[in-house]
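The values are calculated or read from the model by the stated rules, or taken from the named source; none is laboratory data. Source: prediction; values computed, not measured. Glycine gets a Cβ as well: all are built from the backbone with ideal geometry, and neighbour counts include every protein chain shown.
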Amino acid sequence: TVSLAIGSHALERNVDDMFEILTDLQTAKWRGEEDRLKLLISRKAASLGSSVGSNGLQYARSLSAAQINASSAFANELTGLPYVALVTRLSKENAIEEAQSALSEIAAFALRPERVQRCRIACQSESFPAVERALSRFLGDIKPAAASPNATGSTLESKLKSFKPELSKMFITIPGQTNYCSTSVPALPYTHPDAPALFLLAQALSAGYLHREIREKGGAYGGGAVSDPMSALFQFFSYRDPNTTKTLETFVKSVEWATTPGSITSKELEEAQLRAFKALDAPLAPSSRGKSGFNTGFTDAQRQHFRDGLLACSPEDIARAAREHLAPAMKTSSAVAIIGSSEAAPRDDSSWIVRDPLGATN
């Protein structure tokens, strides 16, 4: 399900004003605010343009994941290079009216009483009654739609349902000598019995093989693997990497290493479990407690079941997960993205798509 999350925070004495501002979002037309909107778009375009080089790994991972499943493709449109290209175009073309129209349409469509699915409040216990009353007033002030939305044309939901993986190798050129690599493959969802084993496999691959081969031998600043059961993705990555071709080969060899009996020992399993629980049990700010369950819909019992699965794994379970799930996916369903130096772009290799950050063929 596609959803739009709207959040804010304020001191207790400003809660009513905060909700009043949120209510104004529904009817905001941005008329008379052209100069301000132009400035906001210009600043955002400048910030995003400079972020491609500094946040290259984030963009590379998003781009490779976008080729695997619909949710990742949607996330890439919202926060990846397509978003950079959109804001850059709006700024260059001074397309203020287009932005005004889009913002007003989104607000009118999304902020309707029937579309509010759930709300989350994080506050001190003694403040809760007052904040709850303010929230109730806010929900009551949201006006229903004056007319049914136009249902012609394709909708976002239909596009997500019709998504088909388009596996490819993409190279995005940027100035400088820095390279960021990512390979993504489909993995297992959170509730699958083997999802904990894949989660530990990523930890074992990172520390037991990829760090040595990519950083110590390959000269990159770092590299590793991540299993994301929420998105059903398994990703390999490296950053500030001078040997991208060798690194991509290393990703493949790491899976072969993991499937070899004896590669992952009891000691490596224990270390992987420690790192896994460190990631899962990272300290949270009070305002973030309960946020994960609110966003994902998973219950405490489901999360505990996943944790129990991590503790129950053996080295053989991890090797089996690599053999049964990761190895076949690497052979048939992998997508590659590199964001790096223009000089390193494989322009003579027809198996690669080479573009600049704004999507132009390079």
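At a glance:
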item: Selected residue (only one of Ile121, Ile142 is touching a helix residue (DSSP H, G or I) at 6+ places or on another chain (Cβ under 7 Å) and more than 30 Å from Leu90 (Cβ to Cβ)); result: Ile121
item: Qualifying residue in the stretch 85-96 (condition: outside the structural domain of Ile339 (by TED's automatic domain parsing), aliphatic (A, V, I, L, M) and under 13 Å from the mean Cα position of the chain (by Cα)); result: no
item: Verdict on Phe128 being of a type in the set (Phe, Trp, Tyr), at pLDDT 90 or above and not in a helix (DSSP H, G or I); result: no
item: Residue in the stretch 244-263 that is basic (Lys, Arg), within 30 Å of Gln67 (Cβ to Cβ) and under 22 Å from the mean Cα position of the chain (by Cα) present; result: no
item: Total residues in the stretch 187-216, condition not in a helix (DSSP H, G or I) and not acidic (Asp, Glu); result: 7
item: Residue tally, condition surrounded by 23 or more Cβ atoms within 10 Å (Cβ to Cβ) and part of a loop (DSSP other than H, G, I, E, B), over the stretch 217-259; result: 2
item: Residue in the stretch 184-193 that is farther than 23 Å from Asn69 by Cα, in contact (Cβ under 8 Å) with a residue 40 or more places away in the chain and buried (at least 18 other Cβ atoms within 10 Å of the Cβ) present; result: no
item: Condition met for Ala344 (surrounded by 15 or more Cβ atoms within 10 Å (Cβ to Cβ) and modelled with pLDDT under 95); result: yes
item: Count of the stretch 80-114 residues which are under 26 Å from Thr296 (Cα atoms) and surrounded by 13 or more Cβ atoms within 10 Å (Cβ to Cβ); result: 10
item: Which listed residue is among the aliphatic types (A, V, I, L, M) and modelled with pLDDT under 95, from Ile214, Ile174, Ile264; result: Ile174
item: Failed item, numbered, when Gln67 is tested on (1) at pLDDT 95 or above; (2) over 30 Å from Trp352 (Cβ atoms); result: (2)
item: Top-ranked residue of the stretch 177-201 - restricted to ones that are closer than 25 Å to Ala85 by Cβ and more than 19 Å from the chain's Cα centre (by Cα), ranked as modelled with the highest pLDDT; result: Asn179
item: Some residue of the stretch 95-118 being assigned to a loop (DSSP other than H, G, I, E, B), at pLDDT 90 or above and closer than 28 Å to Lys38 by Cα; result: yes
item: Elements of type helices (runs of 4 or more DSSP H) in the stretch 266-325, at least 2 residues being of a type in the set (Asp, Glu); result: 266-280, 300-312, 315-321
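Listed here are the residues, each with its yes/no results for (1) more than 17 Å from Gly262 (Cα to Cα); (2) free of Cβ contacts under 8 Å to residues at least 12 places away in the same chain; (3) in contact with a Lys or Arg (Cβ under 7 Å, 6 or more places away or on another chain).
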{"residue": "Gly297", "(1), (2), (3)": "yes, yes, no"}
{"residue": "Arg303", "(1), (2), (3)": "yes, yes, no"}
{"residue": "Gly309", "(1), (2), (3)": "yes, no, no"}
{"residue": "Ala322", "(1), (2), (3)": "no, no, no"}
{"residue": "Lys331", "(1), (2), (3)": "yes, yes, no"}
